[in-house]
Amino acid sequence: MPTALPTLAARGAVAAVLLLAVTACTEDPPPSQASSRPTSSSPSTPERTTTSPAPTTAPGRSTAMNIRITVDGTPVDATLNDSAAAQDFAAQLPLTLDLTDFHQNEKIADLPRRLSTSGAPSGVHPRTGDLAYYAPWGNLAIYYRDGSPSTGNDLIILGHMPESATEALADNDEVSVTIEDAS
């Protein structure tokens with residue numbers, strides 16, 4: 001059996017070299033190299049995991065419908081994404097809701113009925129300006145500050161409003177809003 005050992009050792013060495021080569025090709029570059037790589041987005045735009053097709057839409061939140069949110073008499077243009085939950089939400093418009101503060105980063109209100117959660121992604125990180133649906137409670141949340149990441153699929157991003165429009169939400173404990181189709 002002395003001839004089998006060199007063959008096994010040679011195979012092991014080849015396997016180790018192949019493993020190192022594959023690993024080297026699939027590893028993400030260090031952060032210093034990642035920021036110097038050219039991207040398809042403009043250099044002044046911070047890079048995020050996905051892109052947005054509309055200026056009032058946060059990255060990662062694609063648009064399907066324009067809406068208008070009137071916050072204490074001031075109209076704000078916003079967008080809904082193309083998720084099943086957002087489409088279900090749009091079917092309830094127009095809505096007038098009294099939002100109350102929750103965790104000093106979002107305003108919430110109960111919706112007239114629960115929304116579809118079909119195809120909801122797991123793990124979202126709500127950002128300032130996001131409109132979201134919290135499925136366990138059946139309520140709408142509008143974030144005026146970044147929220148905590150959600151690991152399950154209980155929080156669903158519905159759309160986005162400009163961050164500049166969230167100041168009115170942050171300034172008051174209770175805010176009346178009207179949300180309507182702006183298409």
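The values are calculated or read from the model by the stated rules, or taken from the named source; none is laboratory data. Just so you know, these numbers come straight off a predicted model, no measurement behind them. Cβ sites come from the backbone with ideal geometry, for glycine too, and all protein chains shown count toward neighbours. Surface areas here come from the heavy atoms of the whole protein model, side chains and all, with no ligands, DNA or RNA. Shrake-Rupley method; radii C 1.70, N 1.55, O 1.52, S 1.80 Å.
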query = Given a 1.4 Å probe and every protein chain left where it sits, what share in percent of the accessible area of region 79-183 is carbon and sulfur?
reply = 42 percent
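Enumerate by residue number the trypsin sites (Lys or Arg not before Pro) in region 74-183 meeting two conditions: DSSP loop (anything except H, G, I, E, B), and at most 10 other Cβ atoms within 10 Å of the site's Cβ.
Working: sites: LYS107, ARG113, ARG114, ARG127, ARG145; in loops: ARG113, ARG114, ARG127, ARG145.
Of the trypsin sites (Lys or Arg not before Pro), the ones in loops of region 74-183 whose Cβ has at most 10 other Cβ atoms within 10 Å are ARG113.
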request  = Would you mind putting 151-160, 66-75 in packing order, based on average other-beta-carbon counts within 10 Å, highest first?
outcome  = 151-160, 66-75
